[in-house]
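Input: a single structure, listed below in structure tokens.
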Amino acid sequence: MELDSGTLTKLRAFEAVGRHLSFAKAAQELYVTPAALSHHVRHLEEELGVPLITRLHRRIELSPSGMRLLPECSQALQILSRAVREVKRTDQQETLTVSVAPYFSAKWLTPRLGRFWAHHPDIDLRLHHAYQPADFLTDNLDAGINWCPGDWPNAESTLVLHGRLTIVCSRAYLKQLPPDPSPHDLLDHRLMFEFSIEHLVRWFEASGVNLPEPPRADQVDDSHTLRRLALDGHGAALFFSGLIHEDLRTGQLVRPFDVEIDPGSAYYLTRPKDRPVGRRLKLFTAWLMSEIATSPYV
């Protein structure tokens, strides 16, 4: 049996079906029809001369031969996929692809990129905006800058900006509070947060307010939207203290209380542990560290 392109297609079909134990789910993953996958698997079984999948009334199971073949097939396809990504990366020596949290990119990174390009015009920097930290096992990325714990799996991490959170609001909204407000007064007003209600609980505890239960608050799962709601006076928001310096300086936002909490995450530059650091990433990292040293906040 030769491993030509047709056989590889059949093996890929079998691997997806065997992993999901479902023709429908495997078809969604591979963007083909269940009938096409069934056709590929049957032809593979005919070529091998053994059954790989047992088709029951409403489900499928792997045969003993299928159970032996599946883990080896999965590993081989992963090795091939990794090799293809490495070849692409090697073939594009001057391209640097970095995954970046959208709000951090807009507020912190993008305004500084002119200085990076001025120093390194030969590097094609490509930003991939994503809310989740980079997954170097599956994504074709060189590095990532995302809000995450410092011990992100399979990655080396370097701190870029702390992730501490504080309460902010507009000047107009501040006037809705008593003249000399206390943190407890916020409980009678609209509160907003992005990640976890526990962060608000911890902020109140740090402010000396112990709550019998979590406060009533609205979750807004986008930093741009949360900041906009605070700017427009719709409530008090628990927000990144490191990314509002310009808003505080211009008076668009105010901090009613000088209290902030560390939620256990921060903005980290991450890169894959099992991959050597190339020239482009070394230069980008050095530039990034220089920016942090001279102007850590915006």
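The values are calculated or read from the model by the stated rules, or taken from the named source; none is laboratory data. On a predicted model such as this, the values are computed, not experimentally measured, just so you know. Backbone-built Cβ (ideal geometry, glycine too); neighbour counts: all protein chains shown. The protein model used for the area step is the full one, side chains on, heavy atoms only, and it has no ligands, DNA or RNA in it. Shrake-Rupley method; radii C 1.70, N 1.55, O 1.52, S 1.80 Å.
Of all the numbered requirements in (1) closer than 27 Å to H128 by Cα; (2) open to solvent by 30 Å² or more (accessible area, probe 1.4 Å); (3) at pLDDT 90 or above, G49 misses one, and that requirement is (1).
Taking the condition open to solvent by less than 30 Å² (accessible area, probe 1.4 Å), part of a loop (DSSP other than H, G, I, E, B) and either within 28 Å of V98 (Cβ to Cβ) or aromatic (F, W, Y) (or both), does F284 pass?
Details: open to solvent by less than 30 Å² (accessible area, probe 1.4 Å): yes; part of a loop (DSSP other than H, G, I, E, B): no; either within 28 Å of V98 (Cβ to Cβ) or aromatic (F, W, Y) (or both): yes.
No, not satisfied.
One residue stands out among those in region 124-147 that are in contact (Cβ under 8 Å) with a residue 40 or more places away in the chain and assigned to a strand (DSSP E or B): the one that is farthest from Y268 (Cα to Cα), which is L125. From the list D185, D180, the lone residue that is open to solvent by 50 Å² or more (accessible area, probe 1.4 Å), farther than 30 Å from F284 by Cα and at pLDDT below 95 is D180. When you scan region 52-76, how many residues do you find that are farther than 14 Å from E15 by Cα and either modelled with pLDDT of 90 or more or touching a Pro at 6+ places or on another chain (Cβ under 9 Å) (or both)? The qualifying residues number 2.
Out of all the residues in region 267-277, which are assigned to a loop (DSSP other than H, G, I, E, B) and open to solvent by 40 Å² or more (accessible area, probe 1.4 Å)?
Within region 267-277, the first condition is being assigned to a loop (DSSP other than H, G, I, E, B), and the residues that meet it are 273-277.
If the condition is that a residue be assigned to a loop (DSSP other than H, G, I, E, B) and open to solvent by 40 Å² or more (accessible area, probe 1.4 Å), then K273, D274, P276, V277 are the ones that fit.
In region 235-247, the residues that are buried (at least 22 other Cβ atoms within 10 Å of the Cβ) reach residues that are part of a helix (DSSP H, G or I) and hydrophobic (A, V, I, L, M, F, W, C) with C-beta atoms within less than 7 angstrom, at least six apart or across chains, in these pairs: A236/L186; A237/L226; A237/L229; A237/A230; L238/L200; L238/W203; F239/L226; F239/A230. With respect to E213, determine if the residue is open to solvent by 60 Å² or more (accessible area, probe 1.4 Å) and part of a helix (DSSP H, G or I). In short, no. In this structure, T110 does satisfy being β-branched (V, I, T), surrounded by fewer than 13 Cβ atoms within 10 Å (Cβ to Cβ) and over 30 Å from P214 (Cα atoms).
If you filter region 119-159 down to residues that are among the aliphatic types (A, V, I, L, M) and open to solvent by 80 Å² or more (accessible area, probe 1.4 Å), you find that the one that is farthest from F104 (Cα to Cα) is L137. Only residues that are over 13 Å from C73 (Cβ atoms) and among the hydrophobic types (A, V, I, L, M, F, W, C) were counted across region 27-52, and they come to 7.
Identify all residues within region 153-206 that are among the β-branched types (V, I, T) and part of a strand (DSSP E or B); write none if there are none. Break it down stepwise before answering.
From region 153-206, those among the β-branched types (V, I, T) are 158, 160, 166-168, 197, 201; that's our starting set.
Residues satisfying the conditions are T158, V160, T166, I167, V168.
I'd like to check something: does region 287-297 contain any residue that is open to solvent by less than 20 Å² (accessible area, probe 1.4 Å), aliphatic (A, V, I, L, M) and in contact with a helix residue (DSSP H, G or I) (Cβ under 9 Å, 6 or more places away or on another chain)? Looking through region 287-297, at least one residue is open to solvent by less than 20 Å² (accessible area, probe 1.4 Å), aliphatic (A, V, I, L, M) and in contact with a helix residue (DSSP H, G or I) (Cβ under 9 Å, 6 or more places away or on another chain).
Can you confirm whether G264 is touching a His at 6+ places or on another chain (Cβ under 9 Å) and either open to solvent by 70 Å² or more (accessible area, probe 1.4 Å) or touching a residue at least 60 places away in the same chain (Cβ under 8 Å) (or both)? Steps first, please.
Working: touching a His at 6+ places or on another chain (Cβ under 9 Å): no; either open to solvent by 70 Å² or more (accessible area, probe 1.4 Å) or touching a residue at least 60 places away in the same chain (Cβ under 8 Å) (or both): yes.
Judged against the criteria, G264 is not a match.
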